[in-house]
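Let me begin by presenting the structure, written as structure tokens, before commenting on it.
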Amino acid sequence: MRRLIVRTDATDAVGLGHLTRSLALAGEARSIGCEVLGVGCLESDASRRAVDNVVDEWIDLPDREASHDSLTMLKLLIAERNPSWVVVDGYDFGYDYLCSVQSESKLLVIDDGARLENYCADLLLDQNVGAERRNYRLQGGGRVLLGAKYALLRAQFKGGAKVRTASLKARSQRVLVSLGGLSETGELLLVLQGLAQMSTPLDITCLTGASSETQATIEKGVVSIFSGRPHNLKLVPYRDEMASLMVWADVAVSAAGSICLEMACKGLPMLLMVLADNQAPIAAEFDRLGAGISLGWLDNDTPDRVTRVLTELLMDQQRLSLMGGGGLNYVDGAGASRVVKEMMGE
């Protein structure tokens, strides 16, 4: 039997992005009969739920220190399970770590932004928009897979994209807010303040952290922001099933993380904010492609920028439609299948 070992983490410091895309690859591999073993530190209930029914087995490392020191255990697993491939996704794995793993098994490295000077890998994947222009250097003749053509999206993102051509005047306009697992409560409240300032009635679904403490803090903060405003606000903890929310929404206000690829695949126009250095090129590239509008770094001026840009956008239905189509033209949801075929030599 063909077998994969997936090595990644999902912690409070790392977020769910690495785990989500690794599991998308795992799910695609299982769909063609591969056995998948996962290894990593899962700190939240959301991350533990995410691996259910996606991998055959998960070895949960107890903390990040154990996660960083996992190379010996991983090499023992490789010797015991004899995988066809090992998949490594995370910023903590340096050149020496990758070379040591590759000496034991075929290795797929999932990376962002060419963060290392050199890589050891049989395949290297950078699924981000604009990755085609990056210069990756691989030792020993490895191959690179670059760009959103290879975006690792879960099965729920195959098909079902929404073509946004109808007028929105007959109802409140639907806004999906997502700043990702690394956002602070204060940052989220800045975005919501910008939406609350709008005169156009909005139906807002805001994705929050998975913990009840985070939910309670945000609920307390929005009371004064939305008091007397003509909007409907729903706070929803992050969940595994996201595609239906993206089809529901007319526009998203989002951090420029990996979730943008999912939104583009569903034809969802995006207002994008930068919360970390690696998000800046993503926001700029989606803006260049016409699938999103970059609002730059999230700061104290963000509320007014959100109010102004979204007000203008919702008055321009043609532009909304073109933005949705721009995303659909770039991300088709078949990236995981393409990557698995490259791994299996098909």
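Taking helices (runs of 4 or more DSSP H) that do not extend beyond region 228-314, which have at least 3 residues that are closer than 28 Å to ARG49 by Cα and in the same structural domain as VAL177 (by TED's automatic domain parsing)? Show your work before the answer.
Numbers: elements: 243-248, 259-265, 280-289, 302-314.
Helices (runs of 4 or more DSSP H) meeting the threshold: 243-248, 259-265.
Condition check ((1) at positive phi; (2) small (Gly, Ala, Ser); (3) crowded, with 19+ Cβ neighbours inside 10 Å) across all residues:
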site: ALA196; (1), (2), (3): no, yes, yes
site: PRO201; (1), (2), (3): no, no, no
site: LEU207; (1), (2), (3): no, no, yes
site: LEU235; (1), (2), (3): no, no, no
site: ASP240; (1), (2), (3): no, no, no
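Here are some residues: CYS120, CYS99. Which one is of a type outside the set (A, V, I, L, M), in contact with a strand residue (DSSP E or B) (Cβ under 6 Å, 6 or more places away or on another chain) and either surrounded by fewer than 17 Cβ atoms within 10 Å (Cβ to Cβ) or touching a residue at least 40 places away in the same chain (Cβ under 8 Å) (or both)?
Of the residues listed, the single one that is of a type outside the set (A, V, I, L, M), in contact with a strand residue (DSSP E or B) (Cβ under 6 Å, 6 or more places away or on another chain) and either surrounded by fewer than 17 Cβ atoms within 10 Å (Cβ to Cβ) or touching a residue at least 40 places away in the same chain (Cβ under 8 Å) (or both) is CYS99.
Are any of the residues in region 104-117 over 21 Å from LEU23 (Cα atoms) and among the hydroxyl-bearing types (Ser, Thr, Tyr)?
no
Taking the condition of being crowded, with 18+ Cβ neighbours inside 10 Å and within 19 Å of SER258 (Cβ to Cβ), how many residues in region 290-322 meet it?
6
Determine whether region 207-230 contains at least one residue that is among the hydroxyl-bearing types (Ser, Thr, Tyr), modelled with pLDDT under 95 and farther than 28 Å from ALA10 by Cβ. Lay out the reasoning, then the answer.
First pass over region 207-230, keeping only residues among the hydroxyl-bearing types (Ser, Thr, Tyr): 208, 211-212, 214, 217, 224, 227.
Filter once more, keeping what is modelled with pLDDT under 95: 208, 211-212, 214, 217, 224, 227.
After this cut, where a residue has to be farther than 28 Å from ALA10 by Cβ as well, the list is 224, 227.
Yes, the conditions are met somewhere in region 207-230.
So that you can scan it fast, the table gives a plain yes or no per residue for (1) more than 18 Å from the chain's Cα centre (by Cα); (2) closer than 25 Å to ASP240 by Cβ:
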| residue | (1), (2) |
| --- | --- |
| LEU61 | yes, yes |
| GLY94 | yes, no |
| ASN118 | yes, no |
| ALA131 | no, no |
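Just one of the numbered conditions (1) at pLDDT below 90; (2) closer than 22 Å to LYS158 by Cβ is not true of MET1; which one?
All conditions are met except number (2).
State the number of residues belonging to region 62-97 that are touching a His at 6+ places or on another chain (Cβ under 9 Å) and either at pLDDT below 85 or on the phi > 0 side of the Ramachandran plot (or both).
Going through region 62-97 one residue at a time, the tally reaches 1.
Restricting attention to region 148-202, and to residues there that are charged (D, E, K, R) and within 16 Å of ASN329 (Cα to Cα), which single residue is modelled with the lowest pLDDT?
ARG164
Within the set of pairs 6+ apart or on separate chains, which have a first residue in region 263-284 that is farther than 15 Å from ARG174 by Cα, a second that is among the β-branched types (Val, Ile, Thr) and surrounded by fewer than 24 Cβ atoms within 10 Å (Cβ to Cβ), and C-beta atoms under 6 Å apart?
Once the first residue is farther than 15 Å from ARG174 by Cα and sits in region 263-284, its partners that are among the β-branched types (Val, Ile, Thr) and surrounded by fewer than 24 Cβ atoms within 10 Å (Cβ to Cβ) give ALA280/VAL274; ALA283/VAL274.
Report yes if some residue within region 38-50 is under 19 Å from ALA155 (Cα atoms), modelled with pLDDT of 95 or more, assigned to a helix (DSSP H, G or I) and polar (S, T, N, Q); otherwise report no.
no
When you scan region 96-116, how many residues do you find that are over 23 Å from the mean Cα position of the chain (by Cα) and part of a loop (DSSP other than H, G, I, E, B)?
Number of matching residues: 4.
The values are calculated or read from the model by the stated rules, or taken from the named source; none is laboratory data. Since the model is a prediction, treat every value here as computed from it, not as a measurement. Ideal geometry is used to build each Cβ from the backbone, glycine not excepted, and the neighbour counts take in all protein chains shown.
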